[in-house]
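As structure tokens, the structure follows; a few thoughts come after it.
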Amino acid sequence: MKALYDCCMKTHIAGLGLPENSGNAVYVVLTRSTTALSRLVSFWTGAEYTHAAISLDRGLSYMFSFGRRYANNPFLGCFHREDLSEGVYAKADHVPGIVIALPVSDWQYENICGTIREFLLNSHRYDFNYAGLATQAVGRSHFSERRFYCSEFVYHVLSEAGVLDLSIPRGRVRPQDFLWLGGEIYKGDLRRFREAGGAGGAGGASNAGSAACASNILPFATQTPPRRGAG
């Protein structure tokens, strides 16, 4: 337990200084790495994206999720702050992904930050939901109050803040389910997007993305997305 605490807290305590809500939006970031596990999941399920994270800023400097504790070991996971130049991302020449903007109120943003602060301060109490990842692949869910996999965590944060309701258990949410929301502001190499400070680029528009998301999030909040792909 102490080793897990040291691993997560030592590297993420700096993340407690979370940014202010300057853009009235948070960002769902979907990616596909080059790891053997990611390629296997993509091949088996046909999913374009196999990982989900939530970013508090458009430049992806404050991005959080559940993932590998060590880049070379897929069987040890924890909650962490993600960096597109570290971990599994560091091994790839480019990081294919998509950035989706979700409009939020000031209250919702503060609620999201509060949830993430809770995870940061108590990351030693949380673990990766391996059982949930396995069961959701066959359309079932395995709930654990202290265990999450990537897309389960992202959905938990958004639903707790009243931003999103997919009308399905959090343990059945997969990365591609977020594609139903619209609001795409970028699709391509996420490193290029981050290096440009989140300034649009190939595949995305800036203000149009948020407007599209605002018009789609309520209709899809009451619908169950089709079940395909992996989390």
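The values are calculated or read from the model by the stated rules, or taken from the named source; none is laboratory data. These figures come from a predicted structure and were not determined experimentally. Neighbour counts are summed over all protein chains in view; Cβ atoms, including those assigned to glycine, are modelled from backbone coordinates with ideal geometry.
Restricting attention to the range 71-83 and to residues that are surrounded by 13 or more Cβ atoms within 10 Å (Cβ to Cβ) and out of contact with any Gly (no Cβ under 9 Å at 6 or more places or on another chain), the residue that is modelled with the lowest pLDDT turns out to be P74. Out of the residues in the range 58-70 meeting the condition of being hydroxyl-bearing (S, T, Y) and surrounded by fewer than 19 Cβ atoms within 10 Å (Cβ to Cβ), tell me which one is modelled with the lowest pLDDT. Among residues in the range 58-70 that are hydroxyl-bearing (S, T, Y) and surrounded by fewer than 19 Cβ atoms within 10 Å (Cβ to Cβ), the one modelled with the lowest pLDDT is Y70. Is at least one residue of the range 147-161 surrounded by fewer than 22 Cβ atoms within 10 Å (Cβ to Cβ), among the acidic types (D, E), in contact (Cβ under 8 Å) with a residue 24 or more places away in the chain and at negative phi? Yes, the range 147-161 contains at least one residue that is surrounded by fewer than 22 Cβ atoms within 10 Å (Cβ to Cβ), among the acidic types (D, E), in contact (Cβ under 8 Å) with a residue 24 or more places away in the chain and at negative phi.
Can you name the number of the only condition in (1) at pLDDT 85 or above; (2) under 19 Å from D189 (Cβ atoms) that A90 fails? It is condition (1) that A90 fails. Which ones in the range 162-172 are crowded, with 18+ Cβ neighbours inside 10 Å and either touching a Pro at 6+ places or on another chain (Cβ under 9 Å) or modelled with pLDDT under 90 (or both)? Passing the criteria: V163, L166, G171, R172. Taken as a whole, the structure leaves V99 outside the set of residues that are surrounded by fewer than 22 Cβ atoms within 10 Å (Cβ to Cβ), among the aliphatic types (A, V, I, L, M) and either at negative phi or not in a strand (DSSP E or B) (or both).
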